[in-house]
Amino acid sequence: MEKYNELYESILHGDMGGAVKVTEKAIAEGEVDPKSLIDDYMTPAMEEVGRRFERQEAFVPELLMAGRAMKGALEILKPALQGQSSSYLGRIVMGTVKGDLHDIGKNLVASMLEGCGFEVINLGTDVSTEKFVEVVRNNQVDILGMSALLTTTMSYMKEVIEALKAEGLRDRIKIMVGGAPVTEEFARQIGADGYSDNANTAVALAKQLIRNGN
Ligand code: B1M
């Protein structure tokens, strides 16, 4: 467990070079499951930065640096996360909702979905309702995935769902939502088909939504 504490420390202190180096070493040694690096070291470091931010012991630059370090390390892990799935499971459009710039968790979910056989159209961050609607209209989409990390932006998910209904597109697709402030109850309230609180359960949920059909 303690072996890769340096990864935790590097991300916590926003040291991208250090985070990349220890991740490369872990991969080269081949002893560790990439998911364990994410769940046991990287995500806890981000949670700690968040707690320090709340206590005003860290500020936006520290969040940015930690985010950069985690992204750098995730890039190294990406090939390992993507695995060798042979079957095509469906097409998912993913984006972080309008006003929200957090994309680390959403990108992690996207990588895991790709690794399991989904094609992912990743729209990035700060995605408007119009953009979500346009992409659903113009593509053969099985699932729309929306992410939000702010309590002030999560309500935007409902707006997107209402716009899809108004355009007669809602019943064509399944909708899944996630991100730290999102809950199962919130997902139900806004009329989403599913919610997940991490990348592993997001893959299981997407497979289940595909099985249940459109
Ligand atoms: Co921001 N930020 N941030 N931030 N930031 C939070 C979210 C916050 C909780 C920190 C805190 O106060 N403790 C807080 C939100 C408070 C709230 O609304 N309740 C906050 C704030 C306040 C802000 C600003 C307003 C700060 C400011 O400017 N004063 C500002 C807002 C900017 C904006 O978006 N408009 C801001 C900015 C930033 C940075 C840009 C500096 C940076 C983001 C960099 C980036 O993403 N490229 C940042 C960071 C890094 C964080 C924390 C520290 C870490 C987020 C993260 O990457 N976590 C965060 C604190 C925290 O989360 N504890 C915080 C790791 C990631 C793997 O987890 O994203 O939760 P997560 O994703 C998980 C699950 O949620 C789930 O699976 C993922 C993988 O397991 N999931 C899905 C996510 N999306 C999913 C979609 C799905 C399914 C599952 O289906 C579609």
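Observations, loosely collected:
- Pairs meeting the criteria (first residue in the stretch 186-212 and within 23 Å of Ile104 (Cα to Cα), second residue part of a helix (DSSP H, G or I) and among the polar types (S, T, N, Q), beta carbons under 6 Å, at least 6 apart or on different chains) are lacking.
- Residue check, Asp39 within 15 Å of Lys71 (Cα to Cα), of a type in the set (D, E, K, R) and at pLDDT 95 or above: no
- Glu47 meets all of the listed conditions (1) more than 30 Å from Asn138 (Cβ to Cβ); (2) more than 10 Å from the ligand (Cβ to nearest atom); (3) of a type in the set (Asp, Glu) but one, namely (2).
- Candidate set from the stretch 1-44 (those that are assigned to a loop (DSSP other than H, G, I, E, B) and either crowded, with 19+ Cβ neighbours inside 10 Å or of a type outside the set (A, V, I, L, M) (or both)); member that is nearest to the ligand (Cβ to nearest atom): Gly14
- In the condition set (1) buried (at least 21 other Cβ atoms within 10 Å of the Cβ); (2) under 19 Å from the mean Cα position of the chain (by Cα); (3) not in a loop (DSSP other than H, G, I, E, B), Leu164 is compliant with all but (2).
- Ile190 being more than 8 Å from the ligand (Cβ to nearest atom), under 18 Å from Cys116 (Cα atoms), in contact with a helix residue (DSSP H, G or I) (Cβ under 8 Å, 6 or more places away or on another chain) and not hydroxyl-bearing (Ser, Thr, Tyr): no
- Within the stretch 132-151, the set of residues being closer than 14 Å to Ala110 by Cβ, among the small types (Gly, Ala, Ser) and either in contact with a helix residue (DSSP H, G or I) (Cβ under 6 Å, 6 or more places away or on another chain) or assigned to a loop (DSSP other than H, G, I, E, B) (or both) comprises just one member, Ser147.
The values are calculated or read from the model by the stated rules, or taken from the named source; none is laboratory data. All figures in this text were calculated on a predicted structure; none of them were measured in a lab. Every residue, glycine among them, receives a Cβ derived from its backbone with ideal geometry; neighbour counts consider all protein chains shown.
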